[in-house]
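Peer 1: This is the structure I want to talk about, given as structure tokens.
The values are calculated or read from the model by the stated rules, or taken from the named source; none is laboratory data. Because the structure is predicted, anything quoted here is derived from the model rather than measured. Cβ atoms come from the backbone with ideal geometry, glycine included; neighbour counts cover every protein chain shown.
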Amino acid sequence: MKKNEIYTAQIVDYTTEGSGICRIEGMAVFVPNTAVGDVADIRILKTAKNYAFGKIEELKVPSPDRIKPDCPVFDKCGGCTFRHISYDAELRFKQKRVYDALTRIGGIDGGLIGEIVPSPSDRAYRNKAQLPLSTDKDGNIRAGFFAPHSHRVIPLDGCALQAAPFDRATEAFLKWANEVRPSVYNENDHSGILRHLYLRYAEKTGELMVCIVANADKLPKEKELVGILRSELPELETVVLNINREKTNVITGKHCRSLFGNGYITDELCGLKFRISPLSFYQVNRSQAERLYGIAAEYASSDQCETLVDLYCGTGTIGLSMAHKVKNLIGVEIIPQAVEDAGKNAELNGISNAEFICADAAQAAAKLVERNIRPDCIILDPPRKGCDTELIGTVSQMQPERIVYVSCDPATLARDLKRFSEHGYYVRKAVPVDMFPRTGHVETVVLMTKCD
């Protein structure tokens, strides 16, 4: 194969990122915005030793799964992956992705994997948005999303994934920005002030947070910004400046300053109230998070469960939702502000049997072993990279009756499940949960116990 050659091929599968896969002359070719079952003329864009990248030149026979995208920038924006196929087709792919990873990499019996739990809605479910800022050729400040595999901003004119108030919040912020004209951050030379517009919404209480991420300790005309936002956003609860002066792709910095309000919003989840600050982890799909936590609680429940350890606890949501079923809850989180929020969330809900530790998960687990704490159940909800071998060894050394693993990446989950099996812990049941409709991401909840 050579660049710019055109071949006719059928799409037979998807990558983990959601691009279609076809085979041409025995080589896998990855083609974005295609659907399994499509027959198309594919133009080769780039070749490597064992694979290639292409794009649709002409769609010959559309897949029965295809639908008309309901977003005008779907083919340019990197926010969504599956706006061009039916939600049922998306769920089938995600079910297969989890099944394949757990059976092939993890060696799990496929009969232990349940049917995927669909999201209550595949629209307007995201309660969090982090919008990069840029300027157009006329110098106007705009907000949007990065194009795939780039830092080129695609201007945003409404987003089907975002909570309803975000469009109005973006419009109000840009009104201020284009009146005051503060400089926009340039990642090449680290100049400029405005980096991201960061929005959070509490679905149950209706409270809205507007956070501006800036390469500065102060914004020009902050009072005017607050005035515009308050006048145009009746649900506004707080305005926060997040200070990020680092030369990094990490969106938020470590320090926040409230320009209006208390610097946080409050939402309700699983019958509890949770305080959410800019640096707090909180599931972006609240309604589906209640379902996921319900499954995790079912897996964790035991008549003998006295001590529950929640590693990677964030603001304490998953552990606190189970606190009423256990004698002692211990949460572990490495981000200090999240630990502070977790403690205040416990107070907010009158929960007195919870302790929160600010530490790396592996280090905290080792300290719990030193304290001779033997939890009945451990909950793991690690980042995408999964758990390291040290943590898996320490968790196994604590000999909990049950381990509940919540994962956002099937491949690293499968790898870790295999490692746990080497310590005598085996999967009893697992279920995929679609937390992020219209994207390639999928969560999975797994129950492990010691071998009888």
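Peer 1: Test Lys273 against the stated conditions and say whether it is within 22 Å of the chain's Cα centre (by Cα) and not polar (S, T, N, Q). Working first, answer last.
Peer 2: Details: within 22 Å of the chain's Cα centre (by Cα): yes; not polar (S, T, N, Q): yes.
When the stated conditions are applied, Lys273 passes them.
Peer 1: So, in the stretch 15-50, of the ones that are touching a Gly at 6+ places or on another chain (Cβ under 7 Å) and at pLDDT below 95, which residue ends up surrounded by the most Cβ atoms within 10 Å (Cβ to Cβ)?
Peer 2: Only one residue tops the list, namely Gly18.
Peer 1: If I ask for residues that are free of Cβ contacts under 8 Å to residues at least 60 places away in the same chain and of a type in the set (S, T, N, Q), which ones from the stretch 284-334 would you list?
Peer 2: Residues satisfying the conditions are Ser301, Thr315, Thr317, Ser321, Asn328.
Peer 1: So is Ala129 within 21 Å of Val442 (Cβ to Cβ) and part of a strand (DSSP E or B) or not?
Peer 2: Details: within 21 Å of Val442 (Cβ to Cβ): yes; part of a strand (DSSP E or B): yes.
Here the answer is yes, as Ala129 does meet what is asked.
Peer 1: Filter the stretch 1-22 down to the residues that are of a type in the set (D, E, K, R) and touching a residue at least 40 places away in the same chain (Cβ under 8 Å), then identify the one that is farthest from Leu45 (Cα to Cα).
Peer 2: Glu17
Peer 1: Can Leu156 be described as buried (at least 21 other Cβ atoms within 10 Å of the Cβ) and in contact with a Gly (Cβ under 6 Å, 6 or more places away or on another chain)?
Peer 2: So Leu156 passes the test.
Peer 1: Going by what's in this entry, would Asn178 be described as out of contact with any Leu (no Cβ under 8 Å at 6 or more places or on another chain) and at pLDDT 95 or above?
Peer 2: It is true that Asn178 is out of contact with any Leu (no Cβ under 8 Å at 6 or more places or on another chain) and at pLDDT 95 or above.
Peer 1: Residues that are of a type outside the set (A, V, I, L, M, F, W, C) and without any contact (Cβ under 8 Å) to a residue 40 or more places away in the chain: which strands (runs of 3 or more DSSP E) entirely in the stretch 171-283 hold 1 or more of them?
Peer 2: By residue number, 236-243, 255-260.
Peer 1: Among the helices (runs of 4 or more DSSP H) lying completely within the stretch 284-365, list those that include at least 2 residues that are in contact with a Pro (Cβ under 8 Å, 6 or more places away or on another chain).
Peer 2: Numbers: elements: 286-300, 317-320, 336-348.
Answer list for the stretch 284-365: 286-300.
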